[in-house]
Amino acid sequence: MRRNNLHLPRTLRTASFRLAALYAVLFGVSVAILGGVSLWTIRAALDRQMTDRIEAEIATLRTTYETGGLERLVAAAQARGRGPVALDYAVENPPGTRLAGVLPRLPAGSGWITVAGGPRSEDSVVEPAEHLRALVADLPGGVRLAVGDDLSRIDDVQETVLAAFGWVAVLGAALGVGGGALLSLGFLRRLDAITRTAEAIIAGDLGQRISLRGSGDDLDRLAATLNRMLDRIAALMESLRQVSSDIAHDLRTPLSRLCQGLNAARAKAASAAEYEQAMDRAIVEAEGILETFGALLRIAQIEAGSRRAGFRDVDLAEVVRTVIEVFEPVAEDQRHLLRAAIAPTPPIHGDRELLVQALVNLIENALRHTPEGCAITVSVTAAEGVAELAVADNGPGVPEGERARILDRFYRRETSRTTPGSGLGLSLVAAVAELHQADLLVEDARPGLRVRMRFPRDGR
């Protein structure tokens, strides 16, 4: 009980409660407007009904007087004035003497009047009416006739309708506020669950995820989005940890060689030529380290998405022709066969410089890790609006268990440890593919290896 009291202020401040309260207020206003219109309509109808009834009664009694005289008129008025729902009557002769009826003394003239009421007859048990509406008519011979009806009947109906609408408004407001409170409590419970998950993640538990109710409502969609974000953050954190470990591991060897070479050159007396050779070796090692850091920086810039602002329409066929023209002499020197297979493709939306760099890395990777005499094919195809860039070779290939790992930073197969490179070429390709929202597929070319980049439909 105490806990609920503590949560009540939060409940009142929630958006769901405020929305429910707003709907309750609008419902109350709507009921008030509807009640006002209904009251006006009902009163107008009842007024019209009363008027028609009185006018019909005047016409009937006028006919009675014209056919039967004053005596029959008085008898008819006395007979009609009995009963709980009867009308009220008054008949006066020319001197103004009351002959029948209980209506108050009639004013001079004819027409509609409103007068204070009284009992409808001498033996009536009905309480006197406060106000009556009456129609006064002048009959031939100076006889005056009045017929009236109790206005309280209309007032009673009006009060009944007003009370009904009042209860509807009160119940609607109560249901609106109560429903808003219940919705708010459920909303707060789910927000508390999200808060607890966030606090656990802040404390370092990146494995925590927000539970879903399976209802598919707004909070479920928000929770699913947050869970995907957390998955992405966890993957990035793991990638950062792995990169840090790989940097420490893979750069230790060249830095150690650099320090050893410089220390050896300083420790022993040598000629100027030997010092120059030692410096040259140190420069080579330093340039290799700088190249590695440069590749890491380029990958980080690509993954940050900053290059997306410079996207333009790019012709993949033109990119392939340009790169092939540059690498054909290199492939020939290394006794490789480099060829292109280009089909008409729609332009894609991307960064031409990065696409060129990705293709260069794929070709260099194929040249570096295939023996002499192997063929390397660069192809551009399109199917159903999807453009595809592929580089395939007929070399020894990569075992299935290692194909996903060759895209990791600094990963190098045991058979490639002695070849030049930092292990970042395919990582950059993967970053470029992700930036362009392209699928990167590493497949068995039977024989050899095929790497494909499938760009989004319509190039966007």
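Table for the structure above
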| item | result |
| --- | --- |
| Cβ-Cβ under 7 Å pairs, at least 6 apart or on other chains, region 190-215 side surrounded by 12 or more Cβ atoms within 10 Å (Cβ to Cβ), far side in a loop (DSSP other than H, G, I, E, B) | 193/210; 193/211; 194/210; 197/208; 197/209; 197/210; 200/208; 201/208 |
| Residue check for residue 354: surrounded by 16 or more Cβ atoms within 10 Å (Cβ to Cβ) and either touching a strand residue (DSSP E or B) at 6+ places or on another chain (Cβ under 7 Å) or not polar (S, T, N, Q) (or both) | yes |
| Residue that is modelled with the highest pLDDT [pool: residues in region 65-106 that are small (Gly, Ala, Ser), out of contact with any helix residue (DSSP H, G or I) (no Cβ under 8 Å at 6 or more places or on another chain) and part of a loop (DSSP other than H, G, I, E, B)] | 96 |
| Among (1) closer than 15 Å to residue 137 by Cβ; (2) at pLDDT below 85, the one test that residue 62 misses | (2) |
| Residue within region 381-401 that is modelled with pLDDT under 70, surrounded by fewer than 18 Cβ atoms within 10 Å (Cβ to Cβ) and assigned by TED's automatic domain parsing to the domain that holds residue 334 present | yes |
| Matching option when the condition is among the acidic types (Asp, Glu), over 30 Å from the mean Cα position of the chain (by Cα) and either crowded, with 17+ Cβ neighbours inside 10 Å or outside the structural domain of residue 27 (by TED's automatic domain parsing) (or both), among 220, 149 | 149 |
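The values are calculated or read from the model by the stated rules, or taken from the named source; none is laboratory data. Keep in mind it's a predicted model, so treat the numbers as computed, not measured. A quick note on method: Cβ atoms are made from the backbone with ideal geometry, for glycine too, and the neighbour counts reach across all protein chains shown.
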